[in-house]
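Single-structure report; data block below.
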Amino acid sequence: MAISGLAFSCKPQFSFRPSIFHCIRKVRFSSVAAVEMLDEPESLIKESLRNSGNSRGRKVGEFVDRKIPEWKKLNAKDLGISTSMIDKPTRKVLNGLKKKGYEVYLVGGCVRDLILRRIPKDFDILTSAELKEVVRAFSRCEIVGKRFPICHVHLEDTIVEVSSFSTRGQKFGRNFRHELERPIGCDEKDYTRWRNCLQRDFTINGLMFDPYAKIVYDYMGGIEDIRKAKVRTVIPASTSFQEDCARILRAIRIAARLGFRFSRETAHFVKHLSLSVLKLDRGRLLMEMNYMLAYGSAEASLRLLWKFGLLEILLPIQAAYLVHNGFRRRDKRSNMLLSLFSNLDKLLAPDRPCHGSLWVAILAFHKALCDQPRDPLVVAVFSLAVHNGGDILEAVKIARRITKPHNDSFYELLEPRDLHFQMLKDEVMDLAESTKGALSKMTDEHFVSQAMAGYPRAPFSDLVFISLAVYLKACKIFDCVREGAERGFVPKQGSKIDYESLAFGSLRELRHTFARIVFDTVYPLNLA
């Protein structure tokens, strides 16, 4: 296969990525995602208010004029937070800075997760120290980032991120009138903390936890929004998303992971500014999609991406599948695609992610089945052959002992047939070839651009954000079925997953997990 024919997301020196203006020109604007209103957010707001009927009694701040929330300083113990919930590397960094006399706080999503009794994906530290002072405090520390520089403190195999009060992100929109207002009655430390919280994306991420004073500071109304299970931007959503369109994807990710809903204003602009995510470079898009699909909330993320008109921009092949199946934006039903990712989610967690090649391989496998439905026994042999490194004979012997029924609700699975060995082997090899072909299509701009062509009301793009490295790793997962049993490959024994190896892309862990997901989807345990 000629790699030059594919449109992988690569480092800039490879020059595979067209300019953002080129990307935007290729997107057809439509009623599904009204990006033509991008430059006129005020008209969007007024139209929403008109269409909602009588707006009397509505809190105007919901769309236009926000009131500053009441400040809260809460006892961490009352919120169920203890220092024992903080991992050891983070505690070492906190203690190291505190001993030198600096103020230190945990900030952002980790505080939210501790309140919700969830395991944080990571811990972020905010300090009064300058970044250069943080570097001097630790033997292995470096400053990274240009727009918003932070410190990476290396402790064994762990990186702890540290930011400083002295670092300011880009300025708020000029119409955000609260930027310079100093609330009445606040001291200098409160004012400094409050100003930092204004730079956060969502209120539930705008919390600060002092692990020594055991106080949680809430200046943005984050505790109340956690109680209401609501995702709401700190500053007006139109301003927030136009300043940083990656916040749209983070909003989807957070809502999916926590099972939260959006505030009306946030939901409105997630939908109507969705096409602005094309301004992100492909590496950033891959990172954001990996956060959605590799950390235990893939099914919910796909549902929300579809609901808010982002799936047809980011994964148009999968969006076309949902349209073809009559899947509505708010549909509660399931299908084979969602079931595959539901089974992936059962094996993962925010602190136990998988390598990105796994979810890419699942998408390619499902696309191959959509294009040509297969006998469930063929799929079973295929998954078992992936697991054992390509030994089809052994896979057939195991698969023929399956007695439980397959899930007959998926159109991707044919009625079982009596297949002799050679026919079964040929179909398994063909499925492997089709899966490889589907993966090639997913990295081909022309094919991706045609995915939604049959649905004129939907936008389409030719966006390809899968990197060459991820593509090659995904190919290795199932290439063994096409090329024959791999010499020296030792299949994983038992059901326990080595999550560190899975995150780093160990071929044995990837194949084991892929096979489990496919097998459990086709032959679910709870099927009578």
* Structure fact -> If amide H atoms are modeled at 1.01 Å from N in the peptide plane, then the residues at a separation of 5 or more from Val231, or on another chain, having amide H under 5 Å from its own are Arg261, Phe262, Ser263
* Asked: When all C-alpha to C-alpha distances in the stretch 274-350 are sorted into bins of 5 Å, what percent of pairs does each bin hold, rounded to whole numbers?
  -> 3, 15, 25, 26, 18, 10, 2
* To do: Taking H placed 1.01 Å from N in the peptide plane, check which residues at least 5 places from Phe202 or on another chain put their amide H under 5 Å from its amide H.
  => Val234
* Considering Cα pairs under 8 angstrom that are at least six residues apart, work out the relative contact order of the stretch 201-338 and quote it in whole percent. => 18 percent
* To do: Show which lysines lie in cross-link reach of Lys496 when reach means a straight Cα distance below 18 angstrom and same-chain residues fewer than eight apart are skipped.
  => Lys346
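Going by average Cβ density within 10 Å per residue, which order do the peptides 197-206, 84-93, 505-514 take, highest to lowest?
The densest-packed peptide leads the list: 197-206, 505-514, 84-93.
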* Any idea of the accessible area per residue across the stretch 180-268, 1.4 Å probe, to the nearest Å²? -> 33 Å²
* Asked: Can you list the HN-Hα couplings for the stretch 207-219, worked out from phi with the Karplus curve (6.51, -1.76, 1.60; θ = phi - 60°), rounded to whole Hz and with x for Gly and Pro?
  -> 9, 10, 10, 8, x, 9, 7, 6, 10, 9, 9, 10, 9
* **Estimated vicinal HN-Hα couplings, Hz - the stretch 464-470 in sequence order (Karplus 6.51, -1.76, 1.60; Gly, Pro = x)** => 10, 10, 6, 6, 4, 5, 5
* Calculated from backbone phi, Karplus (6.51, -1.76, 1.60) coupling profile of the stretch 380-392 in Hz, x at Gly/Pro -> 5, 4, 4, 5, 5, 5, 4, 4, 9, x, x, 7, 5
* To do: Report, by chain and number, residues whose modeled amide H sits under 5 Å from the one on Asp124, excluding near sequence neighbours (fewer than 5 apart, same chain).
  => Val107, Cys110
* With a 1.4 Å probe and every protein chain left in place, work out the accessible area per residue of the stretch 282-419 in Å², rounded to a whole number. => 35 Å²
* Structure fact -> Rounded to a whole %, the carbon-and-sulfur portion of the accessible area of the stretch 295-367 at a 1.4 Å probe is 49 percent
* Take the alpha-carbon centre of the stretch 261-308, take the same for the stretch 73-97, and report the distance between them in whole Å. => 30 Å
* **Accessible area (Å², per residue) of the stretch 458-500, counting only protein heavy atoms and a probe of 1.4 Å** => 50 Å²
* Calculated SAXS-style log₁₀ I(q)/I(0) at q = 0.12, 0.18, 0.21 Å⁻¹ - the stretch 403-512, Debye, Cα scatterers -> -0.67, -1.19, -1.23
* Asked: Here are some pairs, Lys332/Lys367; Lys98/Lys271; Lys230/Lys279; Lys99/Lys121; which of them have Cα atoms lying more than 32 Å apart in this structure?
  -> Lys98/Lys271
* Structure fact -> Ordering 344-355, 385-396 by per-residue average of other C-beta atoms within 10 angstrom, highest first, gives 385-396, 344-355
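If each residue of separation counts as 0.36 nm, what is the full-extension length gain between Arg417 and Arg352 once their alpha-carbon separation is subtracted?
Going from the current span to full extension adds 19.5 nm.
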* **aspartates and glutamates whose Cα lies under 18 Å from that of Lys476, excluding same-chain neighbours fewer than 8 positions away** => Asp391, Asp430, Glu433, Glu486, Glu509
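Under 11 Å from the Cβ of Leu293, count the other residues' Cβ atoms, weight Lys and Arg +1, Asp and Glu -1, and hand me the total.
Every neighbour counted, the sum reads -2.
The values are calculated or read from the model by the stated rules, or taken from the named source; none is laboratory data. These figures come from a predicted structure and were not determined experimentally. In this analysis, Cβ positions are derived from the backbone assuming ideal geometry, glycine residues included, and neighbour counts consider all displayed protein chains. Side chains included, ligands, DNA and RNA excluded: accessible areas come from the protein's heavy atoms. Shrake-Rupley method; radii C 1.70, N 1.55, O 1.52, S 1.80 Å.
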